[in-house]
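Chemist: My questions all concern the structure below.
Any read-out appearing in this document is the output of simple, stated calculations on the displayed coordinates, not a laboratory observation. The model shown is predicted, which means the values in this text are computed figures rather than measured ones. Here Cβ is always computed from backbone atoms with ideal geometry, including for glycine, and neighbour counts include all displayed protein chains.
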Amino acid sequence: MVLKLKAVYYFYMVTLSTETLPTLDELIKKAGDLQMMPQTARKVMELVSKESTTAIDLASVIEKDANITTRILKISNSAFYGLRQEIKTVQHAIVILGYKSVRSLVVASSSKAVHKRFGITEQLMWDGSVGTAIFARLLAKGKRPAVGELAFVGGLLHNVGKAIMNNECPKAYTEVMKNVYNTGTTFAEAEKKVFKYSHPEVGYGVITRWGLPENISKIIRFHQLSRLDPNAKEEVLKADEDLRTALACVEVAVELCRLLGVGYKDRVPDVKLDALEGSKILGLDSAKLDQIVPICEKSFLEEKAIFN
């Protein structure tokens, strides 16, 4: 116990003098100007939001990127969608799965590129993003299936602010992660101690600067529903049902990741899922949540490999 307390004290006392921390506005501007999300993904999200877009339009953009095309076909033919027929072309995937599902696949195939490097820290972040996306999609199926793909994309991108903070200030973000793993605090709380701002603020600012759809940027901004100030919470509760449901799914999914240790060094057993604002919106009491947890864990173990 004494050794653990000394370790925690040491982590708090490590100096960050070798790394100058940017202000929130400086970080958003720098990351926003870099356009780390691949152009194909940004173009696909733009096209899917337009009613005039055809399957041919969408396929022609996607097929210019061989890596994304390969991954779309791989995931389309995996157990994730459970199709009985083989998908052989991007256009076929669009026709069978729909525009929004293909958008999800493009984002899933592209968002790893946000990380400048890929070590243990980045793998944990990626696992957390994938776990949140898988869980959010499952939760949406039980409440409002039409928002499953929005919840998936929101879940996959909800951590983009973490990736950006880690890219630009890796030493400082190492301190954030040590704080989280040694004390059990949330990432947002640990980030504010080091940076004075948190990953939802960074993610929202950068995604907005990249020009991605507003409903996705709002999920990134508001996914910590239960910790929002009263004005922000009121804005969420007044949102249309699709966005409100997707936000609720992502919040519960984030906490499921903490409970199951997905994207964390260890499980966080004291997570109170039934106390979340998201659980209330989804109508999930403790009995229902007890049934959902093992289903989510099984799905993650079965599906995570196709996103790596």
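Chemist: Once both labels are modelled 7 Å past Cα along the beta-carbon direction, what's the ALA146-LYS30 spacing in nm?
Modeler: With each label placed 7 Å out from Cα toward Cβ, I get 4.3 nm.
Chemist: While we're on this one: Within 10 Å of each residue's Cβ, count the other Cβ atoms and sort ILE295, ILE219, ILE28 from fewest upward.
Modeler: Starting with the residue having the fewest Cβ neighbours, the order is ILE295, ILE28, ILE219.
Chemist: Still on this model: Hey, what's the Kirkwood Rh for the chain if you take every pair of different alpha carbons, in angstrom?
Modeler: After inverting the mean inverse Cα-Cα distance, the result is 19.9 Å.
Chemist: Okay, moving on. Sorted by packing (mean other beta-carbon atoms within 10 Å per residue), highest first, where do 168-178, 101-111, 43-53 land?
Modeler: 101-111, 168-178, 43-53
Chemist: Just the number: Rg to Rh for region 37-114, Cα atoms, Kirkwood Rh, two decimals. Each step should come with its number before you reach the end.
Modeler: Details: Rg = 11.4 Å, Rh = 12.3 Å.
When Rh is taken as the Kirkwood radius, the ratio is 0.93.
Chemist: Additional query: Over region 119-308, what relative contact order in percent results from Cα pairs under 8 Å that are six or more residues apart?
Modeler: This gives 27 percent for region 119-308.
Chemist: So for each of 259-267, 298-306 I average, over its residues, the number of other beta carbons within 10 Å; can you give me the resulting order with the highest mean first? Write out the running numbers ahead of the final one.
Modeler: On the way: 259-267: 17.2, 298-306: 14.4.
Output ranking for 259-267, 298-306: 259-267, 298-306.
Chemist: Counting helices only, and only those DSSP H runs with n ≥ 4, report the 222 nm mean residue ellipticity of the chain as the sum of -39,500 (n - 2.57) divided by its residues, in deg cm²/dmol to the nearest 500.
Modeler: When only DSSP H runs of four or more count, the value is -21000 deg cm²/dmol.
Chemist: Assuming R0 = 45 Å, what is the FRET efficiency of ILE96 and LYS196, from their Cβ-Cβ distance, to the nearest 0.05?
Modeler: Values: r = 47 Å, r/R0 = 1.05.
That pair, ILE96 with LYS196, gives E of 0.40.
Chemist: A follow-up question, please. How many nm is it between the label spots at GLU51 and LYS171, if each spot is 7 Å from the Cα in line with the beta carbon?
Modeler: A separation of 5.5 nm, rounded to one decimal place.
Chemist: For region 65-151, what is the convex hull volume of its Cα atoms per residue in Å³?
Modeler: That works out to 101 Å³ per residue.
Chemist: So between ILE306 and ASN67, what do we pick up on full extension, going 0.36 nm a residue minus the alpha carbon distance?
Modeler: Gain on extension, ILE306 to ASN67, equals 84.7 nm.
Chemist: Oh, and also: Once you charge only the Cβ atoms, +1 for Lys and Arg and -1 for Asp and Glu, what is the size of the charge dipole of region 119-308 about its Cα centre, to the nearest 20 debye?
Modeler: The calculation lands at about 180 debye.
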